[in-house]
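Heads up, the thing below is written out as structure tokens.
The values are calculated or read from the model by the stated rules, or taken from the named source; none is laboratory data. All figures in this text were calculated on a predicted structure; none of them were measured in a lab. Glycine gets a Cβ as well: all are built from the backbone with ideal geometry, and neighbour counts include every protein chain shown.
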């Protein structure tokens with residue numbers, strides 16, 4: 001993976017008749033609806049026999065911990081696949097638990113310390129790496145790599161997210177399709193074109209502020225909602241320096257990164273973000289955008305379904321963010337890379353092979369043709385697997401525009417910047433960017449903070 005930049009054609013696109021879109025590759029399915037079980041989002045995460053035993057006769061029960069509090073509404077594609085799987089497999093029950101990302105991450109860490117990880121769970125890549133090294137994640141290789149048809153169903157590069165020494169310790173939860181949503185109606189109202197360069201963006205910011213419109217919704221209470229910022233960082237040579245930083249031969253405080261962090265400061269000082277950015281989170285920022293108060297919003301393809309169900313669906317578009325005259329290398333950089341993984345507890349595999357096989361059966365359904373159909377066609381979410389089917393662009397115009405972006409010629413890194421960072425340091429990275437936006441750090445101070453924390457957290461691999 002490393003710093004290599006690689007062109008990825010994620011999906012093929014065919015437009016016919018009334019704008020019916022066909023996404024390239026394999027698989028077709030019919031889907032129904034069914035019922036799932038979601039426990040209280042505040043409950044503790046555990047996979048102990050008392051919490052998820054096979055106590056219902058021949059029914060096999062396993063736990064599945066997600067990183068959103070309201071799975072049905074915040075991860076509808078996951079919820080829907082689980083529903084359908086349980087309908088088709090009444091002998092398997094999936095107990096879902098949901099918590100907001102920060103809380104979920106903490107629960108996973110605590111569960112790992114007490115050797116009570118959920119059977120199946122979402123993990124940050126850095127944390128998953130540490131769990132794999134500690135022998136706490138199941139090696140899925142035999143069940144994944146020996147099924148060539150299943151392997152061939154994944155898009156290029158997707159299985160690399162948790163591949164270590166030829167073994168597979170997790171599968172990507174989704175594609176990182178990070179960018180900036182925009183409300184075309186507000187641009188038209190102010191006589192503006194969708195920006196291309198940073199200078200274009202700053203001009204739009206000026207005009208929106210003059211017209212009482214928030215240029216870009218952002219809630220910095222949730223530091224992890226920094227997706228488009230990471231894509232912008234790629235345009236300032238993120239991958240040119242990061243391997244050296246992690247090996248101790250380079251520093252965060254370098255000229256390329258400094259210019260990027262100066263842009264963060266400039267965006268904040270020019271009024272790009274709401275005045276109350278530091279007191280709101282991601283969900284409040286989402287509502288600000290959907291309420292027509294903000295012209296743009298930093299997010300990704302996971303919000304597509306919500307936007308296609310909104311009154312703004314005919315006006316919402318998707319953009320990879322601005323290019324920079326003083327940037328490094330190719331500026332036409334997108335983000336079409338695998339996200340953090342779903343992992344399986346090694347304890348579950350060792351102590352309950354029957355339950356483990358039920359999880360494998362679910363994963364093959366989730367990433368197989370039927371699950372992919374539910375994810376793409378029914379929930380307007382970009383799958384990590386190949387899909388052959390029809391998407392009605394008249395009915396789902398926002399999804400159509402996202403797929404258009406996914407099929408453009410802009411290059412994508414093999415991975416998103418945060419996926420290169422170990423464990424807790426991902427949050428540290430986000431805090432440095434948000435700190436500049438909130439005026440806590442100068443650009444130099446933010447980068448020095450990262451250098452200091454790189455040393456303090458012991459993440460340099462010498």
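Worth a mention:
- Top-ranked residue in segment 194-226 [being surrounded by fewer than 23 Cβ atoms within 10 Å (Cβ to Cβ) and within 17 Å of the chain's Cα centre (by Cα); ranked as farthest from residue 425 (Cα to Cα)]: 222
- The criterion of being at pLDDT 95 or above, surrounded by 14 or more Cβ atoms within 10 Å (Cβ to Cβ) and farther than 22 Å from residue 134 by Cβ holds for residue 81.
- So residue 435, is it assigned by TED's automatic domain parsing to the domain that holds residue 237 and on the phi > 0 side of the Ramachandran plot: no
- Residues satisfying the stated conditions in segment 283-297, i.e. surrounded by fewer than 24 Cβ atoms within 10 Å (Cβ to Cβ) and at pLDDT 95 or above: 284, 286, 287, 288, 290, 291, 292, 293
- Of the residues making up segment 330-346, those that are within 24 Å of residue 258 (Cα to Cα) and either over 22 Å from the mean Cα position of the chain (by Cα) or in a loop (DSSP other than H, G, I, E, B) (or both) are 330, 331, 332, 334, 335.
- Residue within segment 202-225 that is touching a strand residue (DSSP E or B) at 6+ places or on another chain (Cβ under 8 Å) and modelled with pLDDT under 95 present: yes
- Where helices (runs of 4 or more DSSP H) sit wholly within segment 245-329, those with at least 2 residues that are closer than 15 Å to residue 220 by Cβ occupy 255-269, 282-290.
- The criterion of at least 3 residues that are assigned by TED's automatic domain parsing to the domain that holds residue 357 and under 17 Å from residue 384 (Cα atoms) is met, among helices (runs of 4 or more DSSP H) falling completely within segment 99-183, by 148-152.
- Residue 363 out of contact with any strand residue (DSSP E or B) (no Cβ under 7 Å at 6 or more places or on another chain) and surrounded by 18 or more Cβ atoms within 10 Å (Cβ to Cβ): no
- Residue check, residue 426 in a helix (DSSP H, G or I) and within 20 Å of residue 257 (Cα to Cα): yes
- Taken over segment 217-240, the criterion of being under 15 Å from residue 418 (Cβ atoms) and assigned to a helix (DSSP H, G or I) is satisfied by 227, 228, 229, 230, 231, 232, 233, 234, 238, 239.
- Test for residue 70: is it more than 26 Å from the chain's Cα centre (by Cα), at pLDDT 50 or above and surrounded by fewer than 19 Cβ atoms within 10 Å (Cβ to Cβ): no
- With respect to being modelled with pLDDT of 95 or more and within 22 Å of residue 385 (Cα to Cα), residue 365 fits the description.
- Matching entry among 443, 383, 417 (being crowded, with 19+ Cβ neighbours inside 10 Å and assigned by TED's automatic domain parsing to the domain that holds residue 368): 383
- Screening segment 360-385 for residues that are within 18 Å of the chain's Cα centre (by Cα) and part of a loop (DSSP other than H, G, I, E, B) and picking the one that is nearest to residue 340 (Cα to Cα) gives 384.
- Given (1) more than 22 Å from residue 225 (Cβ to Cβ); (2) in contact with a helix residue (DSSP H, G or I) (Cβ under 8 Å, 6 or more places away or on another chain), index of the condition residue 377 fails: (2)
Here's the yes/no breakdown for (1) closer than 22 Å to residue 208 by Cβ; (2) in contact with a helix residue (DSSP H, G or I) (Cβ under 6 Å, 6 or more places away or on another chain); (3) not assigned by TED's automatic domain parsing to the domain that holds residue 363:
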{"position": "264", "(1), (2), (3)": "yes, yes, yes"}
{"position": "271", "(1), (2), (3)": "yes, yes, yes"}
{"position": "282", "(1), (2), (3)": "yes, no, yes"}
{"position": "306", "(1), (2), (3)": "no, no, yes"}
{"position": "323", "(1), (2), (3)": "yes, no, yes"}
{"position": "328", "(1), (2), (3)": "no, yes, yes"}
{"position": "347", "(1), (2), (3)": "no, no, no"}
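- Extreme residue, modelled with the highest pLDDT, among residues of segment 389-408 that are surrounded by fewer than 19 Cβ atoms within 10 Å (Cβ to Cβ), in a loop (DSSP other than H, G, I, E, B) and in contact with a strand residue (DSSP E or B) (Cβ under 7 Å, 6 or more places away or on another chain): 407
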